[in-house]
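Written below as structure tokens is the structure these notes are about.
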Amino acid sequence: WMVITSMKPPEELYAYPPRFIVQRPTLQAYVKLFTLLPMARSLFNSLCVASTVTLSNMFFCSLAGYAFAKLRFPGRDAIFLALISSMMIPWQVFLIPGFLIVKGLGWLNTFQALIIPNLAMPFGIFLCRQYAMSIPDGLLEAARIDGYHEIGIYWRVVLPLLTPALATLAIFTFLSQWNSFVWPLIVTQSSSMRTVPLIIGVLNGQFGSNVAMMMAGALVVTLPMLLVFLVFQRQFIRGIFLTSIRE
């Protein structure tokens, strides 16, 4: 229905009863979307931020998860408990302190403000740690006997076994960053740094009466999320299946 509505001319938008077949399809809504609004730039911004944050979380969270699950060091359990406790604090509490830190560093209206605060998230560390705990210790000891150091064990043994968990983490992280609205609204000021949710907010406000244009914007925003899920779908389902077997 979204695709059909985005291709309808104005005279067919409010036809009653609604028609599923477009008599005179047009792409005018998409032309207006990319000419009247900086949609191309916002798509680039969102893709850059969401992809970078997703990759960084997959790397740093897998490292931390492996360390918390299999390595012994002073304060390990206390640090992990602090991370888990931070997940219970409402995210709104961090908005003002986060803004003041970003402002003090001179990062307002930059990619640093959108990316660096989200490089590693407690949920990702928790997910990777719980999954890494299922890796047999004997497998790691065998790798140490073969002469691998910890980085080699992580790269050659642990990381391949964490693939289902990382696929799940990638999906959740990309979707959360792609749909993020409040934080980009606070730390960005110019239209060249706006992300897709901010542009959709402008679209809903200035062009709320243009239903075809709104549906075109919704379709453009939805497609990248569908592609990410399709790419990681097999590993995502495999992770759920393996987790259910362990349970």
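The values are calculated or read from the model by the stated rules, or taken from the named source; none is laboratory data. Just so it is clear, the model here is predicted, and its values are computed rather than measured. Ideal geometry is used to build each Cβ from the backbone, glycine not excepted, and the neighbour counts take in all protein chains shown. SASA here: full protein model, heavy atoms, side chains in, ligands and nucleic acids out. Shrake-Rupley method; radii C 1.70, N 1.55, O 1.52, S 1.80 Å.
In table form, for the structure just shown:
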item: Pairs, first part of a helix (DSSP H, G or I) and open to solvent by 60 Å² or more (accessible area, probe 1.4 Å) in segment 25-48, second modelled with pLDDT of 90 or more and among the β-branched types (Val, Ile, Thr), C-beta under 9 Å, six or more apart; result: Leu47/Val196
item: Within segment 131-150, considering residues that are of a type outside the set (Ser, Thr, Tyr) and touching a residue at least 24 places away in the same chain (Cβ under 8 Å), the one nearest to Leu175 (Cα to Cα); result: Ala132
item: Residues located in segment 187-201, provided they are in a loop (DSSP other than H, G, I, E, B), open to solvent by 20 Å² or more (accessible area, probe 1.4 Å) and either of a type outside the set (Lys, Arg) or without any contact (Cβ under 8 Å) to a residue 12 or more places away in the chain (or both); result: Gln189, Ser190
item: Residue check for Phe80: at pLDDT 90 or above, open to solvent by less than 40 Å² (accessible area, probe 1.4 Å) and touching a helix residue (DSSP H, G or I) at 6+ places or on another chain (Cβ under 6 Å); result: yes
item: Segment 130-156, subset surrounded by 15 or more Cβ atoms within 10 Å (Cβ to Cβ) and among the aromatic types (Phe, Trp, Tyr), residue farthest from Phe181 (Cα to Cα); result: Tyr148
item: Residues within segment 158-209 that are over 21 Å from the mean Cα position of the chain (by Cα), over 23 Å from Ala40 (Cβ atoms) and polar (S, T, N, Q), tallied; result: 1
item: Number of positions in segment 92-124 that are under 24 Å from Phe68 (Cα atoms) and assigned to a helix (DSSP H, G or I); result: 6
item: Number of the exception - Val53 against (1) of a type in the set (Val, Ile, Thr); (2) open to solvent by less than 100 Å² (accessible area, probe 1.4 Å); (3) more than 19 Å from the chain's Cα centre (by Cα); result: (3)
item: Matching residues, segment 1-42, being under 30 Å from Ser190 (Cβ atoms) and basic (Lys, Arg); result: Lys32, Arg41
item: Selection count, segment 152-203, where residues are within 16 Å of Gln130 (Cα to Cα), in contact with a helix residue (DSSP H, G or I) (Cβ under 9 Å, 6 or more places away or on another chain) and not aliphatic (A, V, I, L, M); result: 4
item: Residue satisfying condition, being β-branched (Val, Ile, Thr) and in contact with a Leu (Cβ under 6 Å, 6 or more places away or on another chain), within set Ile135, Ile151, Ile145; result: Ile135
item: Unmet criterion (only one of (1) in contact (Cβ under 8 Å) with a residue 12 or more places away in the chain; (2) over 17 Å from Val221 (Cβ atoms)) for Ala78; result: (1)
item: Qualifying position, being open to solvent by less than 20 Å² (accessible area, probe 1.4 Å) and either assigned to a helix (DSSP H, G or I) or without any contact (Cβ under 8 Å) to a residue 24 or more places away in the chain (or both), among Leu127, Leu166, Leu175, Leu159; result: Leu166
item: Verdict on Phe80 being assigned to a helix (DSSP H, G or I) and not hydroxyl-bearing (Ser, Thr, Tyr); result: yes
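A quick yes/no check of all residues on (1) in contact with a Ser or Thr (Cβ under 7 Å, 6 or more places away or on another chain); (2) open to solvent by less than 50 Å² (accessible area, probe 1.4 Å); (3) over 30 Å from Leu139 (Cα atoms):
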position: Arg72; (1), (2), (3): no, no, no
position: Ser86; (1), (2), (3): no, yes, yes
position: Phe99; (1), (2), (3): no, no, yes
position: Gln112; (1), (2), (3): no, no, yes
position: Asn118; (1), (2), (3): no, yes, yes
